[in-house]
1. Could you work out [θ]222 nm for chain A from helices alone, using -39500 (n - 2.57) per DSSP H run of at least four and dividing by all its residues? Round to the nearest 500 deg cm²/dmol.
2. Whole-Hz ³J(HN,Hα) for each residue in the stretch B:228-244, computed from phi via Karplus 6.51 cos²θ - 1.76 cosθ + 1.60 with θ = phi - 60°, x for glycine and proline: what do you get?
3. Nearest 100 Å², what total accessible surface is buried between chain A and chain B (probe 1.4 Å)?
4. For the stretch B:181-252, take N as its residue count and report Rg(C-alpha) divided by 2.2 N^0.38 Å.
5. Share of Cα-Cα pairs in the stretch B:69-168 beyond 17 Å, in percent?
6. Order the peptides B:21-28, B:135-142 from the highest to the lowest mean number of other Cβ atoms within 10 Å of their residues.
7. Taking chain B as the reference, fit the longest principal axis to its C-alpha atoms, fit the long axis of helix B:209-219 to the helix C-alpha atoms, and give the angle between the two in degrees, 0 to 90, nearest 10.
8. Just the number please: accessible area per residue for chain A, 1.4 Å probe, all protein chains included, in Å².
Amino acid sequence: MEAFNWGLIAPILVIQGILIIVAMIDLIRTDYTNGPKWLWVLIIIFVSTLGPILYFVLGRRQR
Amino acid sequence: MTLFKKELLENWRNKKWIWVPLVIILLSIMDPITSYYLPQIIDSVGGLPEGSTLEMPEFAPPEVIMMSLSQLSSLGVLVLVLMSMGTIAGERKSGVTELILVKPVAYRNYITAKWVSLLMLVWISLFLGLLTSWYYINLLFGDLSFVELLQITFFYGLWLTLVVSLSIFYNALIKTPGLVAFLTILTIMVMSLINQVFNHVLEWFPNNLSSYILDMLMTDQLSTDLIATACVTMILSIALVVASIYTFRVKD
(Lines give C-alpha, C1' and ligand atoms only; values in the text may rest on other atoms or scores of the structure.)
Protein backbone atom coordinates (compact mmCIF):
# COMPACT_ATOMS: atom_id res chain seq x y z
CA MET A 1 0.00 0.00 0.00
CA GLU A 2 1.40 3.30 -1.05
CA ALA A 3 1.94 6.06 1.46
CA PHE A 4 -1.09 8.02 2.33
CA ASN A 5 -0.88 11.37 0.65
CA TRP A 6 -1.76 13.98 3.23
CA GLY A 7 -1.44 16.78 0.74
CA LEU A 8 -4.66 15.60 -0.86
CA ILE A 9 -6.59 15.47 2.36
CA ALA A 10 -5.24 18.73 3.74
CA PRO A 11 -7.67 21.03 1.89
CA ILE A 12 -10.63 19.23 3.42
CA LEU A 13 -9.21 19.69 6.88
CA VAL A 14 -8.41 23.33 6.17
CA ILE A 15 -11.95 24.00 4.95
CA GLN A 16 -13.42 22.34 8.01
CA GLY A 17 -11.12 24.41 10.19
CA ILE A 18 -12.16 27.65 8.52
CA LEU A 19 -15.82 26.74 8.93
CA ILE A 20 -15.33 26.08 12.63
CA ILE A 21 -13.39 29.30 13.17
CA VAL A 22 -15.86 31.47 11.27
CA ALA A 23 -18.77 29.91 13.09
CA MET A 24 -17.08 30.45 16.45
CA ILE A 25 -16.24 34.10 15.72
CA ASP A 26 -19.79 34.70 14.62
CA LEU A 27 -21.14 32.98 17.70
CA ILE A 28 -18.99 35.07 20.01
CA ARG A 29 -19.97 38.31 18.34
CA THR A 30 -23.72 37.86 18.23
CA ASP A 31 -25.84 38.56 21.25
CA TYR A 32 -28.72 36.23 20.58
CA THR A 33 -28.91 32.75 19.19
CA ASN A 34 -31.69 30.24 18.92
CA GLY A 35 -31.07 28.15 21.98
CA PRO A 36 -28.29 28.37 24.55
CA LYS A 37 -24.90 29.58 23.40
CA TRP A 38 -22.83 26.92 25.16
CA LEU A 39 -24.79 24.25 23.33
CA TRP A 40 -23.84 25.79 20.00
CA VAL A 41 -20.19 25.88 21.06
CA LEU A 42 -20.30 22.14 21.66
CA ILE A 43 -22.13 21.46 18.40
CA ILE A 44 -19.75 23.59 16.34
CA ILE A 45 -16.66 21.99 17.77
CA PHE A 46 -17.69 18.38 18.13
CA VAL A 47 -20.08 17.67 15.29
CA SER A 48 -17.59 17.69 12.46
CA THR A 49 -18.48 19.55 9.25
CA LEU A 50 -22.20 19.45 9.97
CA GLY A 51 -21.92 21.43 13.20
CA PRO A 52 -20.90 24.81 11.77
CA ILE A 53 -23.41 24.43 8.92
CA LEU A 54 -26.17 23.69 11.40
CA TYR A 55 -25.19 26.76 13.34
CA PHE A 56 -25.30 29.01 10.28
CA VAL A 57 -28.63 27.63 9.12
CA LEU A 58 -30.49 27.28 12.39
CA GLY A 59 -28.56 29.01 15.12
CA ARG A 60 -28.40 32.53 13.79
CA ARG A 61 -31.38 34.59 14.67
CA GLN A 62 -32.92 36.57 11.82
CA ARG A 63 -32.77 40.22 12.65
CA MET B 1 -29.39 48.96 -7.26
CA THR B 2 -29.16 50.13 -3.66
CA LEU B 3 -31.37 47.22 -2.70
CA PHE B 4 -29.02 44.89 -4.47
CA LYS B 5 -26.07 46.35 -2.60
CA LYS B 6 -27.96 45.98 0.64
CA GLU B 7 -28.57 42.32 -0.16
CA LEU B 8 -24.91 41.71 -0.90
CA LEU B 9 -23.92 43.42 2.32
CA GLU B 10 -26.44 41.42 4.27
CA ASN B 11 -25.26 38.14 2.80
CA TRP B 12 -21.75 39.15 3.70
CA ARG B 13 -22.76 40.07 7.24
CA ASN B 14 -24.48 36.79 7.92
CA LYS B 15 -21.39 35.04 6.56
CA LYS B 16 -23.17 33.37 3.67
CA TRP B 17 -20.33 34.46 1.41
CA ILE B 18 -17.97 32.44 3.55
CA TRP B 19 -19.78 29.29 4.43
CA VAL B 20 -21.82 28.54 1.33
CA PRO B 21 -18.81 28.39 -1.03
CA LEU B 22 -16.85 26.36 1.52
CA VAL B 23 -19.63 23.83 1.96
CA ILE B 24 -20.10 23.51 -1.80
CA ILE B 25 -16.37 22.99 -2.27
CA LEU B 26 -16.36 20.37 0.47
CA LEU B 27 -19.29 18.53 -1.09
CA SER B 28 -17.79 18.52 -4.54
CA ILE B 29 -14.35 17.24 -3.56
CA MET B 30 -15.57 14.63 -1.09
CA ASP B 31 -16.54 12.08 -3.72
CA PRO B 32 -13.53 12.27 -6.01
CA ILE B 33 -11.21 11.82 -3.03
CA THR B 34 -13.11 9.01 -1.35
CA SER B 35 -13.48 7.08 -4.57
CA TYR B 36 -9.78 7.48 -5.23
CA TYR B 37 -8.93 6.16 -1.80
CA LEU B 38 -11.58 3.45 -1.77
CA PRO B 39 -9.05 0.56 -1.74
CA GLN B 40 -7.17 2.06 1.21
CA ILE B 41 -10.38 2.80 3.05
CA ILE B 42 -11.55 -0.78 2.66
CA ASP B 43 -8.15 -1.96 3.86
CA SER B 44 -8.19 0.22 6.92
CA VAL B 45 -11.61 -0.91 8.07
CA GLY B 46 -10.48 -4.53 8.09
CA GLY B 47 -10.02 -5.37 4.47
CA LEU B 48 -11.81 -7.90 2.40
CA PRO B 49 -12.23 -11.49 3.56
CA GLU B 50 -9.41 -13.87 2.58
CA GLY B 51 -9.53 -15.03 -0.96
CA SER B 52 -12.19 -12.69 -2.21
CA THR B 53 -11.12 -10.29 -4.86
CA LEU B 54 -12.90 -7.14 -5.68
CA GLU B 55 -12.08 -5.49 -8.94
CA MET B 56 -11.77 -1.80 -8.28
CA PRO B 57 -13.55 0.02 -11.03
CA GLU B 58 -11.45 2.47 -12.93
CA PHE B 59 -13.31 5.73 -12.96
CA ALA B 60 -13.29 7.90 -16.04
CA PRO B 61 -13.05 11.65 -15.36
CA PRO B 62 -16.61 12.36 -16.55
CA GLU B 63 -17.98 9.78 -14.16
CA VAL B 64 -16.14 11.35 -11.28
CA ILE B 65 -17.41 14.83 -11.98
CA MET B 66 -20.89 13.36 -12.21
CA MET B 67 -20.37 12.02 -8.70
CA SER B 68 -19.66 15.56 -7.57
CA LEU B 69 -22.78 16.74 -9.30
CA SER B 70 -24.96 14.07 -7.73
CA GLN B 71 -23.55 15.00 -4.35
CA LEU B 72 -24.50 18.61 -5.09
CA SER B 73 -27.93 17.56 -6.30
CA SER B 74 -28.77 15.99 -2.98
CA LEU B 75 -26.87 17.65 -0.13
CA GLY B 76 -25.98 20.78 -2.08
CA VAL B 77 -29.59 21.49 -2.96
CA LEU B 78 -30.56 20.88 0.65
CA VAL B 79 -27.99 23.41 1.83
CA LEU B 80 -29.11 25.95 -0.76
CA VAL B 81 -32.73 25.56 0.21
CA LEU B 82 -31.99 25.92 3.90
CA MET B 83 -29.75 28.88 3.17
CA SER B 84 -32.38 30.71 1.15
CA MET B 85 -35.48 29.79 3.12
CA GLY B 86 -35.39 32.93 5.25
CA THR B 87 -34.47 35.55 2.66
CA ILE B 88 -37.92 37.02 2.31
CA ALA B 89 -39.99 34.96 4.71
CA GLY B 90 -37.72 35.73 7.66
CA GLU B 91 -37.61 39.42 6.84
CA ARG B 92 -41.36 39.57 6.65
CA LYS B 93 -41.71 37.86 9.95
CA SER B 94 -39.41 40.30 11.69
CA GLY B 95 -40.87 43.32 9.91
CA VAL B 96 -37.84 44.36 7.90
CA THR B 97 -39.86 44.08 4.71
CA GLU B 98 -42.29 46.74 5.89
CA LEU B 99 -39.39 49.03 6.69
CA ILE B 100 -38.07 48.63 3.18
CA LEU B 101 -41.37 48.79 1.37
CA VAL B 102 -42.42 51.96 3.14
CA LYS B 103 -39.92 53.70 0.94
CA PRO B 104 -40.76 54.04 -2.72
CA VAL B 105 -39.45 50.66 -3.71
CA ALA B 106 -41.10 48.55 -6.36
CA TYR B 107 -41.91 45.00 -5.37
CA ARG B 108 -40.28 44.00 -8.58
CA ASN B 109 -36.97 45.49 -7.48
CA TYR B 110 -37.20 43.97 -4.05
CA ILE B 111 -37.70 40.45 -5.35
CA THR B 112 -35.24 40.64 -8.18
CA ALA B 113 -32.56 42.11 -5.91
CA LYS B 114 -32.98 39.09 -3.65
CA TRP B 115 -32.99 36.72 -6.57
CA VAL B 116 -29.92 38.14 -8.30
CA SER B 117 -27.86 38.35 -5.12
CA LEU B 118 -28.68 34.73 -4.25
CA LEU B 119 -27.89 33.61 -7.76
CA MET B 120 -24.55 35.36 -7.64
CA LEU B 121 -23.71 33.55 -4.46
CA VAL B 122 -24.84 30.20 -5.84
CA TRP B 123 -23.06 30.51 -9.17
CA ILE B 124 -19.79 31.62 -7.63
CA SER B 125 -19.96 28.82 -5.07
CA LEU B 126 -20.75 26.29 -7.75
CA PHE B 127 -17.89 27.47 -9.89
CA LEU B 128 -15.42 27.33 -7.01
CA GLY B 129 -16.67 23.89 -5.98
CA LEU B 130 -16.44 22.41 -9.44
CA LEU B 131 -13.09 24.11 -9.99
CA THR B 132 -11.56 22.33 -7.01
CA SER B 133 -13.24 19.09 -8.01
CA TRP B 134 -11.83 19.55 -11.51
CA TYR B 135 -8.38 20.14 -10.06
CA TYR B 136 -8.54 16.92 -8.09
CA ILE B 137 -9.87 14.97 -11.04
CA ASN B 138 -7.01 16.12 -13.20
CA LEU B 139 -4.63 15.17 -10.44
CA LEU B 140 -6.06 11.77 -9.59
CA PHE B 141 -8.05 10.40 -12.48
CA GLY B 142 -7.18 11.98 -15.78
CA ASP B 143 -7.83 14.82 -18.13
CA LEU B 144 -10.95 16.85 -18.22
CA SER B 145 -10.62 20.01 -20.24
CA PHE B 146 -11.31 23.42 -18.79
CA VAL B 147 -13.89 24.11 -21.47
CA GLU B 148 -15.79 21.06 -20.33
CA LEU B 149 -15.65 22.35 -16.78
CA LEU B 150 -17.17 25.64 -17.90
CA GLN B 151 -19.90 23.85 -19.82
CA ILE B 152 -20.73 21.67 -16.82
CA THR B 153 -20.82 24.70 -14.54
CA PHE B 154 -23.08 26.58 -16.90
CA PHE B 155 -25.62 23.83 -17.45
CA TYR B 156 -25.63 22.61 -13.90
CA GLY B 157 -25.89 26.17 -12.66
CA LEU B 158 -29.17 26.44 -14.51
CA TRP B 159 -30.56 23.62 -12.43
CA LEU B 160 -29.50 25.36 -9.22
CA THR B 161 -30.99 28.57 -10.60
CA LEU B 162 -34.30 26.79 -10.85
CA VAL B 163 -33.96 25.62 -7.25
CA VAL B 164 -33.26 29.17 -6.06
CA SER B 165 -36.18 30.55 -8.08
CA LEU B 166 -38.45 27.94 -6.56
CA SER B 167 -37.30 28.92 -3.11
CA ILE B 168 -37.88 32.62 -3.85
CA PHE B 169 -41.34 31.80 -5.13
CA TYR B 170 -42.33 30.04 -1.93
CA ASN B 171 -40.67 32.81 0.04
CA ALA B 172 -43.02 35.30 -1.55
CA LEU B 173 -45.98 33.04 -0.87
CA ILE B 174 -45.41 31.97 2.72
CA LYS B 175 -44.11 33.67 5.81
CA THR B 176 -42.66 30.72 7.71
CA PRO B 177 -39.07 29.88 6.69
CA GLY B 178 -39.34 26.22 7.70
CA LEU B 179 -42.40 25.72 5.59
CA VAL B 180 -40.68 27.40 2.65
CA ALA B 181 -37.81 24.93 2.85
CA PHE B 182 -40.17 22.00 3.21
CA LEU B 183 -42.31 22.99 0.23
CA THR B 184 -39.27 23.68 -1.95
CA ILE B 185 -37.80 20.27 -1.24
CA LEU B 186 -41.20 18.63 -1.67
CA THR B 187 -41.58 20.29 -5.05
CA ILE B 188 -38.16 19.13 -6.16
CA MET B 189 -38.98 15.57 -5.08
CA VAL B 190 -42.33 15.64 -6.86
CA MET B 191 -40.57 16.94 -9.96
CA SER B 192 -38.13 14.08 -9.95
CA LEU B 193 -41.02 11.67 -9.44
CA ILE B 194 -42.88 13.16 -12.39
CA ASN B 195 -39.71 12.93 -14.37
CA GLN B 196 -39.35 9.23 -13.63
CA VAL B 197 -42.94 8.41 -14.44
CA PHE B 198 -43.32 10.47 -17.59
CA ASN B 199 -39.74 10.26 -18.72
CA HIS B 200 -40.63 9.20 -22.26
CA VAL B 201 -42.99 12.14 -22.76
CA LEU B 202 -41.12 14.94 -21.01
CA GLU B 203 -37.79 14.79 -22.72
CA TRP B 204 -36.85 18.34 -21.84
CA PHE B 205 -37.77 18.26 -18.17
CA PRO B 206 -35.25 20.22 -16.03
CA ASN B 207 -34.43 17.16 -13.96
CA ASN B 208 -32.83 15.59 -17.01
CA LEU B 209 -30.12 18.23 -17.13
CA SER B 210 -27.50 16.12 -15.34
CA SER B 211 -28.00 13.09 -17.54
CA TYR B 212 -27.69 15.26 -20.63
CA ILE B 213 -24.52 16.76 -19.16
CA LEU B 214 -23.11 13.24 -18.85
CA ASP B 215 -24.09 12.57 -22.46
CA MET B 216 -22.32 15.73 -23.49
CA LEU B 217 -19.14 14.65 -21.71
CA MET B 218 -19.26 11.16 -23.17
CA THR B 219 -20.01 12.09 -26.75
CA ASP B 220 -18.13 15.39 -26.70
CA GLN B 221 -20.86 17.38 -28.38
CA LEU B 222 -23.77 19.56 -27.38
CA SER B 223 -26.97 17.71 -28.02
CA THR B 224 -30.11 19.60 -28.98
CA ASP B 225 -31.79 17.87 -26.02
CA LEU B 226 -29.37 19.51 -23.64
CA ILE B 227 -29.87 22.96 -25.11
CA ALA B 228 -33.65 22.56 -25.18
CA THR B 229 -33.68 21.40 -21.57
CA ALA B 230 -31.51 24.34 -20.61
CA CYS B 231 -33.94 26.71 -22.31
CA VAL B 232 -36.92 25.11 -20.57
CA THR B 233 -35.15 25.44 -17.24
CA MET B 234 -34.34 29.09 -17.84
CA ILE B 235 -37.89 29.89 -18.90
CA LEU B 236 -39.28 28.10 -15.85
CA SER B 237 -36.97 30.03 -13.53
CA ILE B 238 -37.93 33.37 -14.99
CA ALA B 239 -41.60 32.43 -14.90
CA LEU B 240 -41.24 31.55 -11.22
CA VAL B 241 -39.68 34.91 -10.43
CA VAL B 242 -42.40 36.78 -12.32
CA ALA B 243 -45.02 34.70 -10.51
CA SER B 244 -43.43 35.46 -7.16
CA ILE B 245 -43.41 39.20 -7.87
CA TYR B 246 -47.09 38.94 -8.69
CA THR B 247 -48.07 36.90 -5.62
CA PHE B 248 -45.98 39.15 -3.43
CA ARG B 249 -47.86 42.17 -4.70
CA VAL B 250 -51.21 40.50 -4.08
CA LYS B 251 -50.33 39.25 -0.63
CA ASP B 252 -48.93 42.45 0.76
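The values are calculated or read from the model by the stated rules, or taken from the named source; none is laboratory data. Just so it is clear, the structure is predicted and the values come from calculations on it, not from any experiment. Cβ atoms come from the backbone with ideal geometry, glycine included; neighbour counts cover every protein chain shown. Calculation scope for accessible area: heavy atoms of the full protein, side chains included, ligands and nucleic acids excluded. Shrake-Rupley method; radii C 1.70, N 1.55, O 1.52, S 1.80 Å.
1. Taken over chain A, the calculation gives -19500 deg cm²/dmol.
2. So the Karplus estimates, Gly and Pro as x, are 5, 4, 4, 4, 4, 4, 4, 4, 4, 4, 5, 4, 4, 5, 4, 4, 6 Hz.
3. 2100
4. Numbers: Rg = 14.9 Å, N = 72, 2.2 N^0.38 = 11.2 Å.
That works out to 1.33 for the stretch B:181-252.
5. Looking at the stretch B:69-168, the distances longer than 17 Å represent 58 percent of pairs.
6. Ranked from most to least packed, the peptides come out as B:21-28, B:135-142.
7. Tilt of helix B:209-219: around 40 degrees.
8. That works out to 64 Å² for each residue.
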